[in-house]
Amino acid sequence: MRHTISVLVENKFGVLSRVSGLFSGRGFNIESLSVGETIDRSVSLMTIVTTGDDQIVEQITKQLNKLIDVIKVVDFMDVDHVEREMVLIKVAPRKNDKSEFLKLAEIFRGRIVDSGPATFTVEITGDEKKIAAFIELVRPYGIKEFVRTGKVAIAREGVKKT
Amino acid sequence: MKISGAEILIECLKREGVKHIFGYPGGVVLNIFDVLYDEKDIELILTRHEQGAVHAADGYARASGKTGVCIVTSGPGATNTVTGIATASMDSVPLVVFSGQVPTMLIGNDAFQEADIVGITRPCTKHNYLVKDINDLARTVREAFHIASTGRPGPVLIDLPKDVTTGTAEFKWPEQVSIRGYNPTYHGNKWMIRQAAQMIAKSKKPVIMAGGGVILSGAAKELRELAEIAEIPVTTTLMGLGGFPGSHKLSMGMLGMHGTYYANKAVQDADLLIGIGVRFDDRVTGRTSAFAPGAKIIHIDIDPTSIRKNVRVDLPVVGDVKNVLRDILKVIREQKGQWEAVRKSWLKQIDAWKKEKPLSYTFDKKIIKPEFVVEKIYEISKGKAVICTEVGQNQMWAAQFYKYDEPRKWLSSGGLGTMGYGFPAAIGAQIACPGKLVVDIAGDGSIQMNIQELATAVVNRLPVKVAILNNGYLGMVRQWQELFFRERYSHTRLDTVPDFVKVAEAYGAVGLRAVKPSEVEPVIREAFSIKDRPVFMDFIVDWREKVFPMVPAGAAIDEMIFDEEEKKPAKKLKAVK
């Protein structure tokens, strides 16, 4: 099962390596990890996407909680939430395909953030399914490279995070 | 008034009640050592290797229950502490290790004697710090001692750049410690505790499996009360030895790979297993899928990550063992069960197993059996000694043939299995308990891993006794080679070098040797009578002797091998000496 876990941590040097070291040292898997400051600048929020069965994910959340610099851990599995990820994709469609490609990007509410004689760079934001669908659809046009931010997640209003 | 960082540090240590520090000086900690030069309330014990310093602090902590403290220099000084820190981490020993560091300006420049010790020790400490600002120093030390000694204890390292200890600042002692990400659970959930008491009342064949957590939380009394009231037989893990009296009629000794036949049988046949302060290590469980197949498992531990890490658990209780046991006892006392009648047949069964296959060895008149030496040490010390061990056969025999009736009398590297632990740990234990008899039961391999600490023991006039079970081999590895590698003794023969009696004498210690069984007792008695110097006792023992019972790797714990079952033709290899 894939789990999105958000980890509230002290905003101190070395905390990222404590968290990533925990995953590598115990053989847990990280699919994506994103970190940023929160409104309280002494605190950062990490969003980690990981896979594992119930027992492994239970260990992951417990081990995270055990780190002194970790303040709170939320597994979004049972929490109603919104997830987003941003991807920048550089595509090189052939001349004849350009307009079709641009239309496709528009359907997915992608923004062209850079264009040149040979390529377009599209910024696309969405949940996992949307991004996966878009990547599949543009693949035939010739993806030169793409880069993703990793997922971020937030609970919906009124949902209690335990 | 402003004082130096080094003075702040020592003032903090005094306020934490530190009396002894184990350490080794070097370039970037000169300032700290300079302050210690005039210090009357704190004694620094100079070891001969930084690894020795950490193990000594560890032994000091295990024997006394206090937090052990170390100070070493940067670079190699710091990296030499890693094995000791990992040892303490695996066995949940409270330590605070101070390492010097190059000045903050130079960090990251590959300066002389620079090592990223915070990065290196991150996975083997409970927490660690790099102090970059002298104004954070006092608070950091306060936090470190708090973290090391509370919850599930463990080692904490503080890296001190030179400019932090040489700089000056006002001393501000934080009276309160509050760390928002650190709130151990000390009391068990009430509902869970009632459930646990009910499960105990309903069970017909319960077993208590007690671990190091019982000793760390000071819960030996509560454990004994629970076992006696509800008539539950108790087995301990290696780390739990002494948590329940080994000579008690309900004691089944140790379980696991080299556990007793009856303890392993009882666990496999139980309908309820109560794990108290344990982490279900693989040496205890054997093949986990076949572990305690018929039992419901109650698991009491302060560390939530221990629960459901290795084995399924039916009822988890997170909390300090002492508190949880007290709460369970309250409920149990109200139940007023007819325990004796309920348990009669189960205890009878266990007695039958005890009689069927007790721990044993065959005494020989000509050659010393290592088990005999351990038995004699038990007998002559009347079970009152603090026993330290190295790792391997010596450790297992010391666990099997010495009965530990009190906590903190058994100091052994259980989790990491560090050869070279016992001797420096014995030095630390002797400093913590000056009047007590401290014995390191060692092998001829392990003792050589920190033999330089003889100098520390001699200089400090510490009467530590070392019983070397000298079989000329790395015995436990040799045992595996004999049983599983067709007697191909690849690089396990040590050729009985050096002469340990001469080594001891060269250092100014006493060296004694026993070659015949009749010499064992006189040697031990003579060693125990020496009060002002360390003693090496070199026991030339039967190299063929193996540790039994034995559960082969990957087997269930009731699939044990015994001595009499493997009768093989005479070995071709010649015994050494």
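The values are calculated or read from the model by the stated rules, or taken from the named source; none is laboratory data. Predicted model, so just to flag it, every value in this text is computed and none were measured. As a convention, Cβ positions derive from the backbone with ideal geometry for all residues, glycine included, and neighbour counts pool all protein chains shown. Heavy atoms of the whole protein, side chains included, go into the accessibility calculation; ligands, DNA and RNA do not. Shrake-Rupley method; radii C 1.70, N 1.55, O 1.52, S 1.80 Å.
From the list A:55, A:59, A:63, the one residue that fits, being facing chain B (nearest Cβ under 8 Å) and more than 24 Å from residue B:153 (Cβ to Cβ), is A:55. The set of residues in the stretch B:231-241 being buried (at least 23 other Cβ atoms within 10 Å of the Cβ) and not polar (S, T, N, Q) consists of B:232, B:233, B:234, B:238, B:239, B:240, B:241.
Taken residue by residue, the stretch A:90-108 has no member that is closer than 30 Å to residue A:64 by Cα and in contact (Cβ under 8 Å) with a residue 12 or more places away in the chain. Scanning the stretch B:15-70 for residues that are open to solvent by less than 10 Å² (accessible area, probe 1.4 Å) and among the charged types (D, E, K, R) yields one hit, B:58. One residue alone among B:102, B:141 is open to solvent by less than 50 Å² (accessible area, probe 1.4 Å), within 13 Å of residue B:161 (Cα to Cα) and away from every other protein chain (no Cβ under 14 Å), and that residue is B:102.
Pairing residues of the stretch B:451-476 that are closer than 18 Å to residue B:523 by Cβ with residues that are among the charged types (D, E, K, R) and open to solvent by 20 Å² or more (accessible area, probe 1.4 Å), at Cβ distances under 7 Å and at least 6 apart in sequence or on separate chains, gives B:463/B:531; B:463/B:532; B:463/B:533. Cβ-Cβ contacts under 8 Å between residues 6 or more apart (or on different chains), taken from a first residue in the stretch A:34-57 that is free of Cβ contacts under 8 Å to residues at least 40 places away in the same chain to a second residue that is part of a helix (DSSP H, G or I) and open to solvent by less than 60 Å² (accessible area, probe 1.4 Å), are listed as A:44/A:15. Of everything in the stretch A:1-17 that is crowded, with 18+ Cβ neighbours inside 10 Å and under 16 Å from residue A:59 (Cβ atoms), the residue that is nearest to the other protein chains (Cβ to nearest Cβ) is A:7.
With respect to the conditions (1) of a type outside the set (Val, Ile, Thr); (2) open to solvent by less than 70 Å² (accessible area, probe 1.4 Å); (3) more than 14 Å from chain A (Cβ to nearest Cβ); (4) closer than 26 Å to residue B:480 by Cβ, residue B:275 lacks only one, and its number is (4).
Restricting A:30, A:68, A:56 to those that are assigned to a loop (DSSP other than H, G, I, E, B), open to solvent by 40 Å² or more (accessible area, probe 1.4 Å), out of contact with any Leu (no Cβ under 9 Å at 6 or more places or on another chain) and under 27 Å from residue B:86 (Cα atoms) reduces the list to A:30. The residue list B:207, B:164, B:214 contains one member that is under 17 Å from residue B:302 (Cβ atoms) and buried (at least 20 other Cβ atoms within 10 Å of the Cβ), which is B:214.
For (1) at negative phi; (2) part of a helix (DSSP H, G or I), each residue gets a yes or a no:
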| position | (1), (2) |
| --- | --- |
| B:39 | yes, no |
| B:77 | yes, yes |
| B:92 | no, no |
| B:108 | no, no |
| B:123 | yes, yes |
